[in-house]
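Worksheet: one structure, shown below.
The values are calculated or read from the model by the stated rules, or taken from the named source; none is laboratory data. Quantities reported herein were computed from a predicted structural model and do not represent experimental measurements. FYI the Cβ positions are ideal-geometry reconstructions off the backbone, even for glycines, and counts take in every protein chain you see.
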Amino acid sequence: MILKKLVVGPLQENCYIVGDKKTKQAIVIDPGDEPDRILDEIKEHGLEVSAVILTHAHFDHVGAAGDIRKGTGAKILMHKDDMEAYGLAKEQAFFWGYEMEDLPQPDGFVDEGDEIKAGNLGFRVMHTPGHSQGGICLYGEGVVFTGDTIFQGSVGRTDFPGGSIEELRESFRRLLDLPEDTKVFSGHGPETTIGTEKRENFFMNEI
């Protein structure tokens, strides 16, 4: 598996390029900013990107989605419950003091249990609301991409529109049910493992 993390944008968001070494088929997860860097990395590895997957629709995770679609022909996929947040992403960016171009409409929606393919690689969609209504994680190949649901030692905030501490608790519990050696790649900060978060995440005291 090819797995490249690019830290992009003013909020230091993690964009992931995930590809099959054999087929060169790939997906891009959360292209939040700096599309030229992302496209250069795709080109360097000779990858063919079939989908741009948005774990949720906050501006720092979606800002470059349109440019990546334009540059690769990939489809933009997200959970339908985040469409309101997606429509407000440009306004949200302005509120935080940043400019963002208009976003294209997504090409389709994903939901609990769907499988995202990148060549011979497969990742199962887990609907994990809490940080946002339509938050998702992608689990497979011994890793999980969690967006802003869980970070090393912490979890996503719930004070944005659509956030829910109760739903976040349930999503957190679901993630902890994954095998302990599962590597966690989140939307901000360093990678961790499910086992480490069971022992060290402060949110364990909240469930």
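The one condition from (1) more than 18 Å from V18 (Cβ to Cβ); (2) over 18 Å from the mean Cα position of the chain (by Cα) that N120 does not meet is (1).
Here the range 172-207 is the region considered, the condition is being out of contact with any strand residue (DSSP E or B) (no Cβ under 8 Å at 6 or more places or on another chain) and closer than 16 Å to H131 by Cα, and the residue that is modelled with the highest pLDDT is R173.
If only residues of the range 60-117 that are touching a residue at least 24 places away in the same chain (Cβ under 8 Å) and among the aromatic types (F, W, Y) are counted, the one that is nearest to D148 (Cα to Cα) is Y86.
If the condition is being loosely packed, with under 15 Cβ neighbours inside 10 Å and touching a helix residue (DSSP H, G or I) at 6+ places or on another chain (Cβ under 9 Å), then the range 184-201 contributes only K198.
For the range 22-67, give me the residue count where each residue is part of a loop (DSSP other than H, G, I, E, B) and out of contact with any His (no Cβ under 9 Å at 6 or more places or on another chain). First the steps, then the outcome.
Initial filter on the range 22-67 (part of a loop (DSSP other than H, G, I, E, B)): 22-24, 30-34, 45-47, 54-58, 63-64.
Checking which are out of contact with any His (no Cβ under 9 Å at 6 or more places or on another chain) leaves us with 22-23, 33-34, 45-47, 63-64.
Residues in the range 22-67 being part of a loop (DSSP other than H, G, I, E, B) and out of contact with any His (no Cβ under 9 Å at 6 or more places or on another chain): 9 in total.
Applying the criterion of being touching a helix residue (DSSP H, G or I) at 6+ places or on another chain (Cβ under 8 Å) and among the charged types (D, E, K, R) to the residues of the range 81-104, the residue that is surrounded by the most Cβ atoms within 10 Å (Cβ to Cβ) is K90.
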